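Q: Structure below; questions to follow.
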Amino acid sequence: MMDNAARRAAEPHLAPVPDACYLCKGGRLRLRHRARGSAQPEGAAAYNCTSFGHRSHPPIWGCEDCGMMFQWPIQSPDALLQAYQDVEDPLYVAEKDNRYHTFRRVLRELGPAKGRTLLDVGAYCGYFLDVAREAGFQPEGLELSRWAGNNARGLGFTVHGVPLKELAARGLQYDVVTLWDVVEHFADPREELKAALKLVRPGGRIYLSTIDAGSLLARVMGGQWPWLMDMHLFYFGRRTLALLLEEVGFHVTDVRTYTHIISADYLLRKVGASFQPAAPVLELVRRGVPSSWSIPFNLGDNMLMAAERPL
């Protein structure tokens with residue numbers, strides 16, 4: 001295999017080639033998925049939690065050694081910060097009841113509250129904070145979107161509007177830190193998880209959910225997997241996420257699939273955006289299906305990982 005320096009010299013017309021794997025630093029990289037869609041994401045809407053920009057993304061590279069997949073090139077951290085600060089996502093609010101159902105289900109994984117402190121990173125509109133408070137946790141949030149953070153503050157929560165590293169520098173610590181569908185959006189997951197380690201008290205736990213690029217569905221669908229998107233910068237599998245968590249100092253204790261509860265209407269819209277030739281038929285189905293129907297959605301390509309900070 002030609003090394004990357006030689007390839008850049010021999011084929012300068014090609015898209016930028018990363019120097020090394022983000023995770024293992026190996027040099028055996030392969031372009032897994034060519035860029036599709038617009039050259040740049042269309043403003044902050046591309047970073048909405050409810051984005052319909054499926055299979056629109058920059059080039060996605062994979063490591064032949066460890067299996068890590070990641071976008072390259074990645075937008076600058078400053079550009080990403082600005083985009084997330086500008087996010088407004090009213091469809092997320094329209095799905096509020098199902099978000100509560102999802103979070104009440106996943107809260108069981110955290111064990112008894114017993115007054116423990118909790119930080120939800122990427123708290124968005126504060127719905128998980130509300131569920132955690134109901135259960136007896138003492139929750140706070142971190143949210144970069146001004147719109148979403150203000151929604152969460154309106155529910156009576158402390159919500160930090162700063163990057164994770166800045167919050168960690170303040171010396172705060174929590175019994176539990178959660179990151180629901182967040183780690184794949186970080187420009188530098190390693191540094192962000194190092195900051196998260198500082199925020200977890202010794203003996204405390206971190207819980208993460210993310211798409212699973214190593215799942216059977218993702219491998220079978222290949223380039224048709226709908227979670228290949230502008231806003232997903234890193235594509236972890238169970239092994240690669242565990243490797244990174246262990247590298248920064250956590251000890252992984254559990255991994256399983258993660259279930260979202262969504263409305264039938266939202267599901268059909270998502271499927272239509274993912275498989276556009278079927279969109280007209282799905283639109284007809286939408287008209288005949290009660291929009292209030294709630295559906296547990298789990299195809300095995302979303303994972304939940306738990307880890308603890310050693311004493």
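Q: Please list TRP293, TRP147, TRP61 in order of solvent-accessible area, largest first, computed with a 1.4 Å probe with all protein chains present.
A: If we order TRP293, TRP147, TRP61 from most to least accessible, we get TRP293, TRP147, TRP61.
Q: With θ set to phi - 60° and the Karplus curve 6.51 cos²θ - 1.76 cosθ + 1.60, what are the ³J(HN,Hα) couplings of the range 169-179 in order, to the nearest whole Hz, using x for Gly and Pro?
A: 5, 7, x, 6, 9, 9, 6, 9, 10, 10, 9
Q: What is the count of Lys pairs in the chain whose alpha carbons sit under 30 Å apart, if the two are 8 or more places apart or on different chains?
A: 11
Q: Quote the charge dipole size of the range 144-286 about the Cα centre in Debye, to the nearest 20; the model charges only the Cβ of Lys and Arg (+1) and of Asp and Glu (-1).
A: Once rounded to the nearest 20, the dipole reads 220 debye.
Q: Specify which residue in the list ALA79, ALA242, VAL183 is farthest towards the positive end of the charge dipole of the chain, using unit charges on the beta carbon of Lys, Arg (+1) and Asp, Glu (-1), about the Cα centre.
A: Selected residue: ALA242.
Q: Also, I was wondering about something else. Provide, as a two-decimal number, the C-alpha radius of gyration of the range 16-175 over 2.2 N^0.38 Å, N being how many residues it has.
A: Compared with the compact-globule rule of thumb, the range 16-175 sits at 1.21.
Q: Whole-Hz ³J(HN,Hα) for each residue in the range 87-94, computed from phi via Karplus 6.51 cos²θ - 1.76 cosθ + 1.60 with θ = phi - 60°, x for glycine and proline: what do you get?
A: My calculation for the range 87-94 gives 4, 9, 9, x, 5, 4, 5, 5 Hz in order.
Q: Looking at the range 119-253 from every direction and averaging, what is the projected area of its Cα convex hull in nm²?
A: Reported value for the Cα convex hull: 8.7 nm².
Q: Moving on to the next point. So, for the chain, what is the accessible surface per residue at a probe of 1.4 Å, expressed in square angstrom?
A: Using a 1.4 Å probe on heavy atoms only, each residue of the chain averages 45 Å².
Q: Quick one: with all protein chains in place, what share of the accessible area of the range 124-191 is carbon or sulfur, to the nearest percent (1.4 Å probe)?
A: Roughly 47 percent, rounded to a whole number.
Q: A further question follows. Carbon and sulfur together cover what percent of the accessible area of the range 29-112 at a 1.4 Å probe radius?
A: Of all accessible area on the range 29-112, carbon and sulfur atoms account for 51 percent.
Q: To the nearest 20 debye, what is the magnitude of the charge dipole of the chain about its Cα centre, counting +1 on the Cβ of each Lys and Arg and -1 on the Cβ of each Asp and Glu?
A: Using Cβ point charges on Lys, Arg, Asp and Glu, the chain gives about 480 debye.
Q: I would also like to ask the following. Summing -39500 (n - 2.57) over the DSSP H runs of n ≥ 4 in the chain and dividing by its residue number, what mean residue ellipticity at 222 nm do you reach, to the nearest 500 deg cm²/dmol?
A: -9500 deg cm²/dmol, from helical runs alone.
Q: Here's a follow-up. Could you grab the Rg to Rh ratio for the range 81-131? Cα atoms only, Kirkwood for Rh.
A: So for the range 81-131, dividing Rg by the Kirkwood Rh gives 1.03.
Q: Relative contact order of the chain, please, whole-number percent, based on alpha carbon pairs below 8 angstrom and at least 6 residues apart.
A: Computed value for the chain: 17 percent relative contact order.
Q: Name the residues whose placed amide hydrogens come within less than 5 Å of the amide hydrogen of VAL182, ignoring near sequence neighbours (fewer than 5 apart) on the same chain.
A: The answer is SER209.
Q: Using just the alpha carbons, could you tell me how many Å³ per residue the convex hull of the range 90-161 encloses?
A: Taking the convex hull of the Cα positions in the range 90-161, it is 74 Å³ per residue.
Q: Got a sec to turn the phi values of the range 141-158 into Karplus ³J(HN,Hα) couplings, 6.51 cos²θ - 1.76 cosθ + 1.60 with θ = phi - 60°, whole Hz, x for Gly and Pro?
A: These are the phi-based 3J(HN,Hα) values: x, 10, 8, 7, 5, 5, 4, 5, x, 5, 4, 5, 5, x, 8, x, 9, 6 Hz.
Q: From largest to smallest, what semi-axes in whole angstrom does the chain give when each is the square root of 5 times an eigenvalue of its alpha carbon gyration tensor?
A: With the √(5λ) rule applied to the chain, the semi-axes are 30, 26, 18 Å.
The values are calculated or read from the model by the stated rules, or taken from the named source; none is laboratory data. In this text the structure is predicted, and so the values were computed from the model without any measurement. Using ideal geometry, Cβ is built from the backbone for each residue, glycine included, and neighbour counts are taken over all protein chains shown. Note: areas computed on protein heavy atoms with side chains; ligands, DNA, RNA excluded. Shrake-Rupley method; radii C 1.70, N 1.55, O 1.52, S 1.80 Å.
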